[in-house]
1. Any idea which of (1) within 18 Å of V190 (Cβ to Cβ); (2) at pLDDT 95 or above; (3) loosely packed, with under 14 Cβ neighbours inside 10 Å is the one A21 doesn't satisfy?
2. Mind listing just one residue for me: the one in segment 1-36 that is assigned to a strand (DSSP E or B) and of a type outside the set (A, V, I, L, M, F, W, C) and, of those, farthest from L79 (Cα to Cα)?
3. Take segment 89-112 and flag every residue that is assigned to a helix (DSSP H, G or I), among the β-branched types (V, I, T) and either in contact with an Asp or Glu (Cβ under 7 Å, 6 or more places away or on another chain) or surrounded by fewer than 22 Cβ atoms within 10 Å (Cβ to Cβ) (or both).
4. For segment 37-51, does any single residue satisfy the condition of being free of Cβ contacts under 8 Å to residues at least 24 places away in the same chain, in a loop (DSSP other than H, G, I, E, B) and more than 21 Å from E91 (Cα to Cα)?
5. What do you reckon, is E98 in contact (Cβ under 8 Å) with a residue 40 or more places away in the chain and under 13 Å from the mean Cα position of the chain (by Cα)?
6. Only one of (1) within 25 Å of S84 (Cα to Cα); (2) at pLDDT 50 or above; (3) touching a strand residue (DSSP E or B) at 6+ places or on another chain (Cβ under 7 Å) fails for K148. Which number is that?
7. What about E78, is it among the acidic types (D, E) and either at pLDDT 90 or above or more than 20 Å from the chain's Cα centre (by Cα) (or both)?
8. The conditions are (1) farther than 13 Å from F103 by Cβ; (2) surrounded by 12 or more Cβ atoms within 10 Å (Cβ to Cβ); (3) at pLDDT below 95, and T30 fails exactly one of them. Which is it?
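The values are calculated or read from the model by the stated rules, or taken from the named source; none is laboratory data. Computed from a predicted structure; not experimentally measured. Note: ideal-geometry Cβ built from the backbone for every residue, glycine included; neighbour counts use all protein chains shown.
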Amino acid sequence: PKIPDKMGFDEVFMINLKRRADRRERMLRTLYEQEIECKVVEAVDGKAMNSSEVEALGIKMLPGYKDPYHGRPLTKGELGCFLSHYKIWKEVVERGLEKSVVFEDDLRFEIFFKRRLMNLMYDLEEEGLDWDLIYIGRKRMQVEHPEKSVPHVRNLVEADYSYWTLAYVISLQGAQKLLAAEPLSKMLPVDEFLPVMFNKHPV
């Protein structure tokens, strides 16, 4: 029998929209096969929010925000997505979780994912590296320049501007930094906010 665990993390979060039971089931099955235990976090359904709810949360778009690649404002889906991640960052800080993993429910796992992630975390500890956030599933937006690899840590590079937040590892201090930026008052899609916060956005 499979024996799922948290891979040495304080928490493993999986974000899922309640109405997407198909994704939830697929992801839970996949995680079980990989022997990964997770906590399902109900995603904020941006499509179900009205403008007064948005205003009540103190949400304001970053003035003049336009996605640098598509030149468009934030969609309701992106708003819900951001709030779902924001909810997790708050929980990380409230519970004092030193290191957590966040999965979105449409992640596709590579072979030996669990072993590779655990090896990566082991290497980070060995090197005593100070980190805030590590993408483990993303899309790079420029490929002309190779990313700088992190010395002595296999399979880790310094991320340049990345898109999609399919999966990442976040530290307590990383979550504190994200919340301290008060992102709801200058809203961006979450996959743009993270590069902005860590100075990787082509502003």
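1. Result: A21 passes all but (1).
2. Residues of segment 1-36 that are assigned to a strand (DSSP E or B), as a first pass: 5, 11-16, 36.
From what is left, the residues that are of a type outside the set (A, V, I, L, M, F, W, C) are 5, 11, 16.
Numbers: D5: 31, E11: 24, N16: 14 Å.
Filtering first and then ranking leaves D5.
3. Residues of segment 89-112 that are assigned to a helix (DSSP H, G or I), as a first pass: 89-95.
In the following step, the residues that additionally are among the β-branched types (V, I, T) were identified as 92-93.
Within segment 89-112, V93 is the sole residue that qualifies.
4. yes
5. Values: in contact (Cβ under 8 Å) with a residue 40 or more places away in the chain: yes; under 13 Å from the mean Cα position of the chain (by Cα): no.
Here the answer is no, as E98 does not meet what is asked.
6. Going through (1) within 25 Å of S84 (Cα to Cα); (2) at pLDDT 50 or above; (3) touching a strand residue (DSSP E or B) at 6+ places or on another chain (Cβ under 7 Å) one by one, K148 breaks only (1).
7. Details: among the acidic types (D, E): yes; either at pLDDT 90 or above or more than 20 Å from the chain's Cα centre (by Cα) (or both): no.
Judged against the criteria, E78 is not a match.
8. The one condition T30 does not meet is (1).
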